[in-house]
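Computed from the coordinates by the stated procedures, all read-outs in this text should not be read as laboratory data. The shown structure was predicted, so the numbers you read here are calculated from the model rather than taken from an experiment. All Cβ positions, glycine included, derive from the backbone under ideal geometry; neighbour counts span all protein chains shown.
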Amino acid sequence: MFKTLPIVLALFLPYSSCISDEMKELAAQLHNACVAETGATEDAITNARAGTFADDDNFKCYFKCLFDQMAIMDDEGIIDVEAMIAVLPDEYQDTLPPVIRKCDTKKGANPCENAWLTHKCYYQENPAHYFLI
């Protein structure tokens with residue numbers, strides 16, 4: 001399993017300016033593992049970074065894979081919001097928790113869709129701090 005903190009940061013913060021080389025490496029490992037596991041395309045991931053979330057089952061499961069690797073989503077597809085917030089550094093406790101709490105777990109047809117809908121919410125609520133690895 002991957003370290004949770006770098007992944008949480010990589011989900012929300014501009015990649016090049018806020019995370020260390022070690023965190024970038026861990027994020028890249030997670031990205032590669034989840035792409036391999038789900039078959040999500042790089043185009044879908046790139047487009048989501050700009051706010052276009054493809055309605056594709058493989059791509060939806062990419063988000064679930066990220067949450068699973070962070071150990072913050074249960075088998076029913078419910079995100080442990082407080083666990084996610086607990087690992088945020090102090091300097092982000094004012095910015096990110098309101099987004100995470102407001103989005104909570106968006107419910108869809110299955111856990112993959114829950115993760116996808118929740119990520120869409122993160123982007124919609126705070127596109128300036130959203131980043132997808």
Taking L117, L66, L30 and counting other C-beta atoms within 10 Å, the order from fewest to most: L117, L30, L66
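Please give the length that would be gained between D104 and A71 if that part of the chain were fully extended, namely 0.36 nm times their separation in residues minus their C-alpha to C-alpha distance (nm, one decimal).
Extra length from D104 to A71 when fully extended: 10.3 nm.
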Where labels lie 7 Å past Cα in the beta-carbon direction, separation of Q93 and D56 in nm: 4.0
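Near H119, within a Cβ-to-Cβ distance under 12 Å, what is the net charge of the other residues, with Lys and Arg +1 and Asp and Glu -1?
Spelling it out: positives minus negatives among the neighbours equals +3.
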Backbone HN-Hα couplings from phi across segment 98-113 [Karplus 6.51/-1.76/1.60, Hz, Gly and Pro as x]: x, 5, 4, 5, 4, 6, 6, 10, 7, 9, x, 6, 7, x, 5, 5
For the chain, size of Cβ-based charge dipole, Lys and Arg +1, Asp and Glu -1, in debye: 260
All-pairs alpha carbon distance profile, segment 41-91, 5 Å steps from 0, percent: 5, 18, 23, 17, 20, 14, 3, 0
Under 5 Å, built H, 5+ apart or other chain: amide partners of M73: D80
Percent of Cα pairs exceeding the 18 Å cut-off, where the set is the chain: 48
Under 12 Å from the Cα of K64 - aspartates and glutamates, other chains or at least 8 residues apart: E37, D74, D75, E76, E113
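How high is the relative contact order of the chain? Use alpha-carbon pairs under 8 Å, at least six apart in sequence, and give a whole percent.
Worked out over the chain, it gives 33 percent.
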3J(HN,Hα) from dihedral phi, segment 74-86, Karplus parametrisation 6.51/-1.76/1.60, rounded to Hz, x for glycine, proline: 8, 5, 8, x, 9, 7, 7, 4, 5, 5, 5, 5, 4
GluC sites (Glu not before Pro) within segment 72-133: DSSP coil, no more than 16 neighbouring Cβ in 10 Å: E76
Exposure proxy ranking, count of Cβ atoms within 10 Å, fewest first, for Y62, Y130, Y92: Y92, Y130, Y62
